[in-house]
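Comments concern the structure below.
Here, each number is a calculation from the coordinates, and none is a lab measurement. For clarity, every value in this text was computed on a predicted model and none was experimentally measured. FYI the Cβ positions are ideal-geometry reconstructions off the backbone, even for glycines, and counts take in every protein chain you see.
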Amino acid sequence: MNKFFGIFFLSILSFSCSSDLDFNQVNDLKSEPVVIANLASFDVPANQFVIGGVEQTISGDLLDFNIFKDSYFNKSLVRADFFFEINNTINRAYKINLVFLDANNSPLYTIPFNVPAYAGVQNLVTKTEIFENAKLDLLKSTTKIAFVISLLPGPALDENSLGSLKLRSSATIYLVLE
């Protein structure tokens, strides 16, 4: 009896249904991934705004931003959201400009930040910048980002000044892959 059920069970498994497969459906595949990544960060102690006993009113840095050299990524990008958070624990106000530059170092777009002086309570400045449509085209032409920090008038800084100016940023990238 066990042999009969075993043979019967195996014979049922040997019958199967199948249909024609349409491999052309892969041509209609559309994926819309969202990627979140760190963008840039810095942590500048107050005493680094003083060089040789002299307060530096303007400082900055220039970063290469060659992400758009990849034509597939460039074509697939439909939107980018940049999030910035600045924490100032120095008793001086700052103006920070993030300047997006093209291959000829010509400014394409600027994101300004007004950062108030630290007054004993948490001092966060946040901003989200959304790049889509024409603004996204400017971003895609970017090859460098300049960080320009301007020290605004206030109490003098020296080598013993406390606090720091911190920036954290991230990017949320929206792609359409076809």
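Just a few scattered comments:
- Furthest towards positive pole of dipole, Leu124, Leu152, Leu177, structure part the chain, Cβ charges: Leu124
- Computed over the chain: relative contact order in percent, which uses C-alpha pairs under 8 Å that are six or more apart: 40 percent
- Where only DSSP H runs of four or more residues are counted, the chain gives -4000 deg cm²/dmol as its mean residue ellipticity at 222 nm, each run worth -39500 (n - 2.57).
- Pair-distance profile P(r), taking every C-alpha pair of region 74-145, with 10 angstrom steps and integer %: 18, 40, 26, 14, 2
- Applying 0.36 nm per residue to the separation of Lys166 and Val54 and subtracting their alpha-carbon distance, the gain on full extension is 38.2 nm.
- Cβ-placed point charges (K, R +1; D, E -1), dipole of the chain about Cα centre in debye, nearest 20: 200 debye
- Placing +1 on the Cβ of every Lys and Arg and -1 on the Cβ of every Asp and Glu, with nothing else charged, gives region 38-104 a dipole about its Cα centre of roughly 160 debye.
- Tilt relative to the chain, helix 2-14 - C-alpha long axis, 0 to 90 degrees, to 10: 60 degrees
- Here mean projected area of the Cα convex hull in nm² was calculated from the structure, and among [x] 20.0; [y] 10.4; [z] 15.2 it sits at label [x].
- Each of Asn87, Ala40, Ile51 was scored by the projection of its Cα onto the charge dipole of the chain, and the greatest displacement toward the positive side belongs to Asn87; charges sit on the C-beta of Lys, Arg, Asp and Glu.
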